Amino acid sequence: TQGASIMVDLSGNFTGYMTDMTRVFSVGEIGELAKKAHKCSQRINHELAEMGKPGTPAKALFERALAIATEEGLDLYFMGHRQHAGFVGHGVGIEVNELPVIAPRSKDILEENNVIALEPKFVIPQVGAVGIENTYVVTPEGMKSITNAPEEIISLD
């Protein structure tokens with residue numbers, strides 16, 4: 001039988017400031033497509049983190065994320081299956097959803113010390129959602145992750 005993914009999306013609060021993280025668990029064998037999509041989410045996070053320097057247009061990050069998903073043949077499942085979310089990340093601060101918004105029509109420009117959650121996710125029919133969400137701080141060298149948790153799918157079997 002086909003396995004299932006369990007996506008856990010949670011936020012933390014430290015001295016009034018929020019973080020946002022998603023990790024995936026599995027029950028049974030979820031199949032190669034879901035595993036490939038999860039690895040693609042990791043790749044998108046890591047490549048966008050390298051790109052995410054002060055002065056980078058938020059929409060450029062979205063465009064790169066979509067290009068990677070398309071290059072890997074996963075665009076049909078990117079940010080949803082029947083309905084697709086219109087963003088791949090968002091600022092985090094006092095609220096869990098703030099500017100900048102990492103979306104195709106965003107006019108936002110990354111600034112040093114922005115805190116951004118990147119959440120490139122995929123929805124695989126008959127399996128569920130896969131992908132990670134990490135919280136990053138924008139630095140001149142790129143975005144540095146402040147999410148300290150394994151990124152692999154964790155089997156509950």
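Couple of notes before you dig in:
- Single unsatisfied condition, Leu156 versus (1) open to solvent by 30 Å² or more (accessible area, probe 1.4 Å); (2) closer than 24 Å to Pro54 by Cβ; (3) touching a Ser or Thr at 6+ places or on another chain (Cβ under 8 Å); (4) of a type in the set (A, V, I, L, M, F, W, C): (2)
- Some residue of the stretch 53-71 being among the aromatic types (Phe, Trp, Tyr), touching a residue at least 24 places away in the same chain (Cβ under 8 Å) and over 18 Å from Val138 (Cβ atoms): no
- Scanning the stretch 40-74 for residues that are open to solvent by 20 Å² or more (accessible area, probe 1.4 Å) and under 19 Å from Gln126 (Cβ atoms) gives a single hit, Gly73.
- Among the conditions (1) farther than 14 Å from Gly131 by Cα; (2) out of contact with any Asp or Glu (no Cβ under 7 Å at 6 or more places or on another chain), Ile30 misses just one, which is (1).
- Residues (surrounded by fewer than 19 Cβ atoms within 10 Å (Cβ to Cβ), in contact with a strand residue (DSSP E or B) (Cβ under 6 Å, 6 or more places away or on another chain) and either of a type in the set (A, V, I, L, M, F, W, C) or in contact (Cβ under 8 Å) with a residue 60 or more places away in the chain (or both)) located in the stretch 95-114: Val96, Leu99, Ile109
- In the set (1) assigned to a strand (DSSP E or B); (2) open to solvent by less than 60 Å² (accessible area, probe 1.4 Å); (3) touching a Leu at 6+ places or on another chain (Cβ under 9 Å), Met18 fails one condition alone, (3).
- Of all residues in the stretch 75-94, those that are open to solvent by 40 Å² or more (accessible area, probe 1.4 Å) and closer than 18 Å to Glu47 by Cα total 2.
- Test: residue in the stretch 126-138 that is modelled with pLDDT under 95 and either over 15 Å from the mean Cα position of the chain (by Cα) or of a type outside the set (Ser, Thr, Tyr) (or both): yes
- Residue in the stretch 64-71 that is among the charged types (D, E, K, R) and within 15 Å of Met51 (Cα to Cα) present: yes
The values are calculated or read from the model by the stated rules, or taken from the named source; none is laboratory data. Worth saying up front: this structure is predicted, and the values here are computed from it rather than measured. In this analysis, Cβ positions are derived from the backbone assuming ideal geometry, glycine residues included, and neighbour counts consider all displayed protein chains. Just the protein is used for accessible areas: all its heavy atoms, side chains included, with ligands, DNA and RNA removed. Shrake-Rupley method; radii C 1.70, N 1.55, O 1.52, S 1.80 Å.
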